[in-house]
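Here is the structure we will look at.
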Protein chains: 2
Amino acid sequence: MVKTVLFNYIPSAEHRARLQAAAPDRHLVWAGSEEEALRAAPEAEVIMGNRFFLQALPRARRLRWMQSSSVGMDLILADPLARQRDFILTNARGVYDDELADHALALALGLVRGVGRATRSMAAGGWRREPLPALGELEALVYGFGSVGRAIAGRLLAFGCTVRAVRRRPEGPAADAARPVGVPCVLPGAAAPFLARSHLVFLALPLTPRTRNLFNRELLRRLPDGAFLINVARGGLVDEEALRAELPRLGGVGLDVFATEPLPAGHWLREAPNALLTPHTGRSPDAGRRRWAPLFEENLRRWTSGEPLLNVVDKELGY
Amino acid sequence: MVKTVLFNYIPSAEHRARLQAAAPDRHLVWAGSEEEALRAAPEAEVIMGNRFFLQALPRARRLRWMQSSSVGMDLILADPLARQRDFILTNARGVYDDELADHALALALGLVRGVGRATRSMAAGGWRREPLPALGELEALVYGFGSVGRAIAGRLLAFGCTVRAVRRRPEGPAADAARPVGVPCVLPGAAAPFLARSHLVFLALPLTPRTRNLFNRELLRRLPDGAFLINVARGGLVDEEALRAELPRLGGVGLDVFATEPLPAGHWLREAPNALLTPHTGRSPDAGRRRWAPLFEENLRRWTSGEPLLNVVDKELGY
């Protein structure tokens, strides 16, 4: 029987041709609707792309590998079936690094240079000048030093920032990666004194049972007055009620992600004067397919020829 | 007679002590008001700091050197007396480079990553996601390649941007400067084809009779649809009425400076949906004194000991 690869999206002709060339002996099936995905799932050896995946999973009894188009695996691994079934899970680590790091810097610079306040004031007819620091005068702490954290750190260094990273493993895959930067790493247990002196704190961590609500009241209280917190990772990393209590004494928060998305219409964050908010566009829609295509093609080639896959997820660790 | 140095500001004790150490034989006078400046002007061999300078100039008949706290000399050189009198003029070139470049990047990233639109939409209860590029996918053109232009270019390179600069002199002081970056320079007459393909255009030029309204209708029309124009230099570089006609087809403008400042309350720019506006805070208030102090101290030491001054302005060129 011909082995089937199910794609949960409709590809461009070029992408499809490259996928077929990468797996000439596979039967490629494209699902543009949940119904099509459910129909193809029982024959699928491989499923690529997030859309309809969790719906199709109960029927995908032959599944041996799933390639996600996301970096964060929290939504997939929240499904007990995804944790229990014995298939390989690979993610899109690295694919959105530049876009996410750009977005993190857009939020950080917007906060530090008072762009949000200025926008409101200028629209209201004002001209309120205020003293603002240069980024190079600030110390930054990046939580999580995978490829997104390193892309953020590399940009901060170009502004002359003092940058440190918080990392569970002082060494690991990132240490060998293509874009190392001169940033000292500290273990989470040793981060408190650095947190207490950092003007800019970036969250670039996966959301796992261990990191959920990591920024609870205790950690938020350690931030110095006037500090800025930027989150382009997952809303669940921050206890939003605790943030509500601490925000007035902070310089501000730049949030692209929220505990509940879309952010509810009446949510208090929408009215917070020192919150710069974007609607989960750190990885913006549509740009994704173009960015992930080369990874999907390369990993399918590796799968077909029996080579080790890129971006294999440790389901226990959650990333 | 003891020679007098007139300062148009009230210094910190530390700064004052260092200035006196740099010029032990000079009489230092501090003016905290226009009246004090006018009273001290007739004896002043040197005047340092912009405030009250133009008011005091008609009486400053012994003036041999003026140290400005600004980079742009357009306001001082607009005074015929300042152009005609035979005194050395030095500016604050280099002092605000990091702050200005940070601000330019804050505006550019805010535009490219849709932060202005998102801020308005999120405040209104919305959740409107849109495709956004990463900076590394864009080409940038920096007009003016003095120290501010180079600081902007260096930051853009860290984002992976393709960067070019437009420069009157292909070689010159900047080519020898401490922070060279790998950015090709083109002459203004050869810039048109690059302007027509640039997604991001930064203005980092002095305002002189030659550059006033440089971005007139003709140049603005060369910008491709969706391009972003960022100005942290001088409002007079852009013909605002011509901009009004072109803005709807552009991606947006990030403006920290305006033809008239403060920007009039009812000005059309305040209502433009794709304009990100800040009230001339690229060089923010109060931060200035701290940043310029080392330059003032070093130049006063040089003056007293007969060494060449830093940042001498060519009054003909205007910078």
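Where a number appears in this text, it was derived from the coordinates with a stated rule and is not lab data. All values reported here derive from a predicted model rather than from experimental measurement. Cβ coordinates were reconstructed from backbone atoms using ideal geometry, including for glycine residues, and neighbour counts include every protein chain displayed.
Test of understanding: in a Gaussian network model of chain B with alpha carbons linked when under 10 Å, which of B:Gly266, B:Gly282, B:Gly251 would top the mean-square fluctuation ranking?
Between B:Gly266, B:Gly282, B:Gly251, it is B:Gly266 that shows the largest mean-square fluctuation.
Just add up the charged neighbours of B:Leu277: K/R +1, D/E -1, any other residue whose Cβ is under 9 Å from the Cβ of B:Leu277. Show your work: numbers first, answer last.
Working: positive: B:Arg270; negative: B:Asp256.
Result for the local shell: 0.
Across peptide B:133-140, what mean number of C-beta atoms from other chains lies inside 10 Å of a residue's C-beta?
Details: counts 5, 11, 7, 4, 5, 0, 0, 0.
Rounded to a whole number, the mean comes out at 4.
Relative to a virtual label point 7 Å from the Cα of A:Ala265 in the Cα→beta-carbon direction, which members of the stretch B:105-136 show backbone nitrogen distances below 15 Å?
Of the residues in the stretch B:105-136, B:121-128 have backbone N under 15 Å from the label point off A:Ala265.
Can you show me the helix-derived [θ] at 222 nm for the protein assembly as shown, built from DSSP H runs with n ≥ 4 at -39,500 (n - 2.57) apiece and divided by the number of residues, rounded to the nearest 500.
On the way: 24 runs with 205 residues, N = 638.
It comes out at -9000 deg cm²/dmol, rounded to the nearest 500.
For B:Gly125, place a label point 7 Å from Cα along the Cα-to-Cβ direction in every copy; what are the distances to the other copies, in nm, shortest first?
Ordered by increasing distance: 2.7 nm.
Compute the signed sum of charges (Lys and Arg +1, Asp and Glu -1) over the other residues within less than 14 Å, Cβ to Cβ, of A:Val312. Mind dumping the intermediate values first?
Numbers: positive: A:Arg64, A:Arg93, A:Arg302, A:Lys315; negative: A:Asp86, A:Glu298, A:Glu307, A:Asp314, A:Glu316.
Local charge sum for A:Val312: -1.
How high is the relative contact order of chain B, given as a whole-number percent (alpha carbon pairs under 8 Å, six or more residues apart)?
Working: 567 pairs, mean separation 55.5, N = 319.
That works out to 17 percent.
At A:Glu241 and A:Asn274, where each label point lies 7 Å from the Cα along Cα→Cβ, what is the point-to-point distance in nanometres?
2.3 nm
Pick from B:Leu250, B:Leu77, B:Leu187: which is most flexible by mean-square fluctuation in a GNM of chain B where alpha carbon atoms under 10 Å apart are linked?
B:Leu187
Given R₀ = 35 Å, FRET efficiency for A:Gln20-B:Ala124 by Cβ-Cβ distance, to 0.05? Please report the intermediate quantities before stating the final value.
Details: r = 46 Å, r/R0 = 1.31.
Here the calculated transfer efficiency is 0.15.
Where in chain A are the DSSP H helices whose C-alpha atoms run 20 Å or more along the long axis and whose mean Kyte hydropathy is at least 0.5?
Details: long enough: A:97-112 (22 Å, 0.80); A:287-304 (27 Å, -1.31).
Qualifying helices, which must be both long enough and hydrophobic enough, are A:97-112.
Using 0.36 nm times the number of residues separating A:Leu309 and A:Leu38, minus their current alpha carbon distance, what extension gain do you get? The partial results should precede the final answer.
Details: separation 271, 0.36 × 271 = 97.56 nm, distance 2.56 nm.
Contour length minus the Cα-Cα distance gives 95.0 nm.
Can you check what the net charge comes to around A:Ala13, using other residues whose Cβ is under 15 Å from the Cβ of A:Ala13 (Lys, Arg +1; Asp, Glu -1)?
Values: positive: A:Arg16, A:Arg18, A:Arg289, A:Arg290; negative: A:Glu14, A:Glu297.
Summing Lys/Arg as +1 and Asp/Glu as -1 gives +2.
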